[in-house]
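Reading through the structure tokens given below for one structure.
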Amino acid sequence: MSNQDSGFYIRRLHSLLGVIPLGVFLIQHLLVNFTATYSEEAFNFAAGIMGNLPFVILLEIFIIYLPILFHGIYGIYIAFTAKNNVGRYGTYRNWMFLLQRISGVIAFIFIAVHVYQTRIQVFLGEEVNFQMVEQIVANPFWLVFWIVGVVATVFHFANGLWTFMITWGITQSPKSQQIMSYVAIFVFLVISTIGLMAIFAFV
Amino acid sequence: MSTTATETKTIKLSIKRQENPEASSYWEEFEIPYRPNMNIISALMEIQRNPVNAKGQKTTAVTWDASCLEEVCGACSMVINGNARQSCTALVDQYQQPIKLEPMSTFPVVRDLQVDRSFMFDNLKRVQAWVPIDGTYDLGPGPRMPEKKRQIAYELSKCMSCGVCLEVCPNVNNKSKFMGAAPISQVRLFNLHPTGSMTKNERLDALMGTGGIAECGMAQNCVEACPKGIPLTTSIASMQRETTFHMFKSFFGSDHEVN
């Protein structure tokens with residue numbers, strides 16, 4: 001039988017990238033969005049800083065696009081190798097296992113569409129600003145799509161923190177895993193509230 | 001002739017049957033006379049004595065695996081009313097009828113309720129779930145085991161390789177090669193052992209191979225379903241930590257590969 005193989009390192013990389021840089025970027029992105037609750041100018045100012053960072057395209061490629069493509073594509077492969085059985089074993093953690101896979105697939109689709117609606121439009125000559133987002137969420141379909149997408153993405157991140165802590169061997173005892181569950185719920189509630197408040201600032 | 005009041009109480013069983021590994025499965029109903037304090041095995045033995053199904057048709061006796069009949073060998077594991085467990089300690093009186101018996105679906109069926117658990121045994125061999133003490137000369141007494149480690153090891157040593165943790169795991173299936181909780185927990189057991197720990201890196205390497213620990217999805221069904229109450233998810237998390245350290249140590253180099 002084989003000894004160590006690449007699978008182990010790929011899974012560890014998958015876990016790491018989900019938090020650093022993707023999780024960090026998610027929070028940062030939602031905080032920039034949150035400035036929309038202050039004023040249109042505040043949002044345009046914050047988005048402008050992000051959009052005008054030096055070497056922004058390299059930052060995007062290495063901190064966002066490559067990690068998210070790897071995490072997303074490999075994650076979908078992982079999701080489809082599971083045989084879910086919450087019907088038989090309906091425990092909290094088994095539900096979280098299923099929801100982690102569902103939210104991951106939703107997040108991946110949402111992010112793909114979201115990048116097309118915003119970032120790709122920049123290459124086509126548009127400008128990312130308050131009005132652009134306002135126009136998108138004026139359509140009820142896209143509004144619901146964004147709400148579902150943001151909630152799914154934040155859920156995937158928060159629950160992913162819980163699995164991250166086990167994957168890297170930080171939370172070993174049942175007690176520490178239980179406390180981490182509460183932390184994950186707290187993170188989910190706080191970050192998704194920030195994300196949703198930001199969306200509704202454009203409505 | 002005087003008629004005595006005949007006992008009409010019966011037990012209804014619904015059994016998922018399969019003639020051979022290639023055949024397709026089907027359900028067959030049975031109704032057998034009730035006796036007090038029966039377990040699933042004694043119900044199956046009743047069918048074996050009189051292989052007639054609920055329609056009164058003669059049929060083949062149902063095949064199942066069993067050995068110790070006291071829940072220490074793990075051989076008689078099956079899915080009873082949707083839950084994987086040992087059939088020897090599953091008491092008929094505690095189940096809603098008809099009692100549904102199915103083979104564990106994660107393993108290939110040999111016949112009826114009998115499954116082939118080689119997948120698990122192969123993985124136990126692969127992770128070297130033993131303490132190597134064979135040599136060409138007497139190696140003498142091994143190091144003493146600290147009491148605290150012994151207490152943990154005792155809990156882990158209760159594993160009877162029944163396969164229930166693999167059956168309930170959403171990541172152990174025909175689409176993945178994941179070995180499941182039992183072999184991972186056995187690595188923890190033998191790496192805790194003072195003599196066993198001398199070869200702990202080989203076991204960690206095996207855990208880092210295809211189907212190894214990284215494929216755990218943390219649904220944590222294993223620890224809920226384990227009939228021996230083994231802290232399987234603690235074992236998995238412990239081995240996650242050990243493999244993380246092992247990864248860094250083997251890449252960056254370390255004099256503490258074996259403690």
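Observations, loosely collected:
- At least 50 Å² of accessible area lost relative to the chain alone, listed for segment A:81-97 with a 1.4 Å probe: A:Thr81, A:Lys83, A:Arg88, A:Tyr89, A:Phe97
- Around A:Phe80: net Lys/Arg minus Asp/Glu count, Cβ-Cβ under 9 Å: +2
- Axis angle, to the nearest 10 degrees, between helix A:24-34 and the longest C-alpha principal axis of chain A: 40 degrees.
- Accessible area (Å², per residue) of segment B:117-252, counting only protein heavy atoms and a probe of 1.4 Å: 44
- Apportionment of accessible area to carbon and sulfur, segment B:87-207, percent (1.4 Å): 53
- Seen against the Cα atoms of chain A and their longest principal axis, helix A:40-51 is set at about 60 degrees.
- Projecting the Cα atoms of B:Cys165, B:Thr10, A:Tyr38 onto the dipole axis of the protein assembly as shown, where Lys and Arg carry +1 and Asp and Glu carry -1 at the beta carbon, places B:Thr10 farthest toward the positive end.
- DSSP-defined beta bridges in chain B - what % are antiparallel, rounded to 5: 85
- Assuming charge only on the beta carbon of Lys and Arg (+1) and of Asp and Glu (-1), the dipole of the protein assembly as shown about its Cα centre is about 880 debye to the nearest 20.
- Most tightly packed first, judged by the mean number of other beta-carbon atoms within 10 Å of their residues, the peptides A:50-60, B:240-250, B:89-99 read B:240-250, B:89-99, A:50-60.
- When both segment B:90-118 and segment A:114-151 are represented by their alpha-carbon centers, they are found 53 Å apart.
- Accessible surface of segment A:3-201 [probe 1.4 Å, protein heavy atoms]: carbon and sulfur percent: 75
- On the beta carbon distance between A:Phe200 and A:Ser6, with R0 = 56 Å, the FRET formula returns roughly 0.80.
- Segment B:10-115, accessible area per residue, ligands and nucleic acids excluded (1.4 Å, Å²): 49
- Whole-angstrom gap from segment B:170-235 to segment B:33-55, using each part's C-alpha centre: 37
- With both residues required to sit in the protein assembly as shown, DSSP beta bridges show an antiparallel share near 85%.
- Extension gain for B:Arg49 to B:Phe248 (0.36 nm times residue separation, less C-alpha to C-alpha distance): 65.6 nm.
- Simple Cβ-charge dipole of segment B:10-115, Lys/Arg +1 and Asp/Glu -1, about Cα centre, in debye nearest 20: 240
- Simple point charges give the picture: +1 on the Cβ of Lys and Arg, -1 on the Cβ of Asp and Glu, and for chain B a dipole about the Cα centre of about 260 debye.
- ³J(HN,Hα), Karplus 6.51/-1.76/1.60, whole Hz, each residue of segment A:88-100, x for Gly, Pro: 8, 10, x, 6, 4, 5, 5, 5, 4, 4, 5, 5, 4
- Of all the options B:Arg188, B:Arg203, B:Arg126, the one that moves most in a Gaussian network model of chain B with Cα springs shorter than 10 angstrom is B:Arg126.
- Buried solvent-accessible surface, both chains (B, A), 1.4 Å probe, Å² to nearest 100: 3300
- Shielding of peptide A:170-180 by partners, expressed as the average count of other chain Cβ atoms within 10 Å per residue Cβ, is 3.
- Burial annotation for segment A:5-38: residues with an accessible-area loss of at least 40 Å² between the isolated chain and the complete set of protein chains, computed on heavy atoms with a 1.4 Å probe, are A:Asp5, A:Phe8, A:Arg11, A:Arg12.
- Annotation: amide H of B:Val52 within the under-5 Å range of B:Thr59, sequence separation 5 or more or interchain, hydrogens built in the peptide plane.
- For peptides A:106-118, B:137-149, sequence by mean Cβ density within 10 Å, most packed first: A:106-118, B:137-149
- Around A:Arg11: net Lys/Arg minus Asp/Glu count, Cβ-Cβ under 12 Å: -1
- Electrostatic bookkeeping for A:Phe200 treats Lys and Arg as +1 and Asp and Glu as -1; over the other residues with beta carbon under 15 Å from its beta carbon, the sum is -2.
- Length added when fully stretched, B:Asp255-B:Phe121, from 0.36 nm per residue minus Cα-Cα: 45.0 nm
- Comparing B:Thr136, B:Thr63, B:Thr195 in a Gaussian network model of chain B, where Cα atoms under 10 Å apart are tied by springs, the biggest mean-square fluctuation is seen for B:Thr136.
- Candidates A:Pro140, A:Ile49, A:Val183 compared by Cα position along the dipole of chain A: farthest toward the positive end lies A:Val183, with charges placed on Cβ.
- Across peptide B:217-229, the mean count of Cβ atoms from other chains lying within 10 Å of each residue's own Cβ comes to 5.
- Rounded tilt (10° steps) of A:6-17 against the dominant C-alpha axis of chain A: 40
- Mean separation of Cα contacts under 8 Å, 6 or more apart, over the residue count of segment B:10-115: relative contact order %: 33
The values are calculated or read from the model by the stated rules, or taken from the named source; none is laboratory data. Since the model is a prediction, treat every value here as computed from it, not as a measurement. Every residue, glycine as well, gets a Cβ built from its backbone with ideal geometry; the counts of neighbours run over all protein chains shown. Quick note on the areas: whole protein, heavy atoms, side chains included, nothing else; ligands and nucleic acids left out. Shrake-Rupley method; radii C 1.70, N 1.55, O 1.52, S 1.80 Å.
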